[in-house]
1. Classify region 92-142: rounded, prolate or oblate, from the alpha-carbon gyration tensor (a ≥ b ≥ c, eigenvalue square roots; a/c under 1.5 rounded; otherwise prolate if a/b is larger than b/c)?
2. Once R0 is set to 30 Å, what does the formula 1/(1 + (r/R0)^6) return for the Cβ-Cβ distance between ASN44 and ARG139, expressed as a FRET efficiency to the nearest 0.05?
3. What list of ³J(HN,Hα) values in whole Hz, one per residue of region 76-93 in order, does the Karplus curve 6.51 cos²θ - 1.76 cosθ + 1.60 (θ = phi - 60°) give from phi, with Gly and Pro shown as x?
4. Please pull out the direction-averaged projected area of the chain, using the convex hull of its alpha-carbon atoms, in nm² to one decimal place.
5. Charges only on Cβ, +1 for Lys and Arg, -1 for Asp and Glu: so what's the dipole of the chain about the Cα centre, in debye to the nearest 20?
6. Taking neighbour counts of Cβ atoms within 10 Å as a proxy for exposure, in what order, fewest first, do ASP94, ASP137, ASP11, ASP19 appear?
7. With θ set to phi - 60° and the Karplus curve 6.51 cos²θ - 1.76 cosθ + 1.60, what are the ³J(HN,Hα) couplings of region 111-121 in order, to the nearest whole Hz, using x for Gly and Pro?
8. Could you pull out which residues in region 43-75 have an amide N less than 15 Å from a spot 7 Å beyond the Cα of ASP19, following the Cα-Cβ vector?
Amino acid sequence: MEGLIDCVTDDAQAALGDDFVRVGSGSSREMRQPGSYALLIRLNEPQLVRFGKKQGHLAAGWYAYCGSAKGPGGVGARIARHLSATKKPHWHVDRLTLAASKIEALAAADACECEIAACLNASGSFEHILPGFGSSDCRSCSSHLLAWRG
Ligand SMILES: [Zn+2]
């Protein structure tokens, strides 16, 4: 399953278009402007996630989390934080990134996480699986976490 990283990244890239660039631990700090991103998260083990008053089970597999960063350091700093294995959990997605065996990111300067979620969902390669996850302050999306259909 680890080898599928190119497949899931290609599917996300196709859904999001060429404005999005693949950023990893080496290059992510270079994107200092505000922006949005899709984190591609590989879970080797099923995870129980709690968010708000809800909880849900995620099977092993690939997931896409859609987020945005407007603060200092821009989207690069945010992605670097997501990739860090030593961060203190703050957001719900931190539980997933800390459990992940692989994380890849696609980011763009002029984008909104809701557009990313909509594009991934519309592509047919990803689907919403936990209504409300990551989108508690969003009125337009079912969630900001989608599962890769592989
Ligand atoms: Zn949204």
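A short reminder: the numbers here are calculations on the coordinates, not readings from a lab. If you're wondering where the values come from, they're calculated on a predicted model, not measured in any experiment. When we count neighbours, we look across all protein chains shown, and the Cβ atoms used for this are built from the backbone with ideal geometry, even at glycine.
1. Rounded.
2. Calculated transfer efficiency: 0.30.
3. Whole-Hz 3J(HN,Hα) from phi for region 76-93: x, 5, 5, 5, 4, 5, 4, 7, 5, 8, 10, 5, 7, x, 10, 8, 4, 5.
4. 8.0
5. That gives the chain a dipole magnitude of about 780 debye.
6. Fewest-to-most Cβ neighbours within 10 Å comes out as ASP137, ASP19, ASP94, ASP11.
7. Whole-Hz 3J(HN,Hα) from phi for region 111-121: 7, 10, 4, 6, 5, 4, 4, 5, 5, 5, 5.
8. Of the residues in region 43-75, 67-69 have backbone N under 15 Å from the label point off ASP19.
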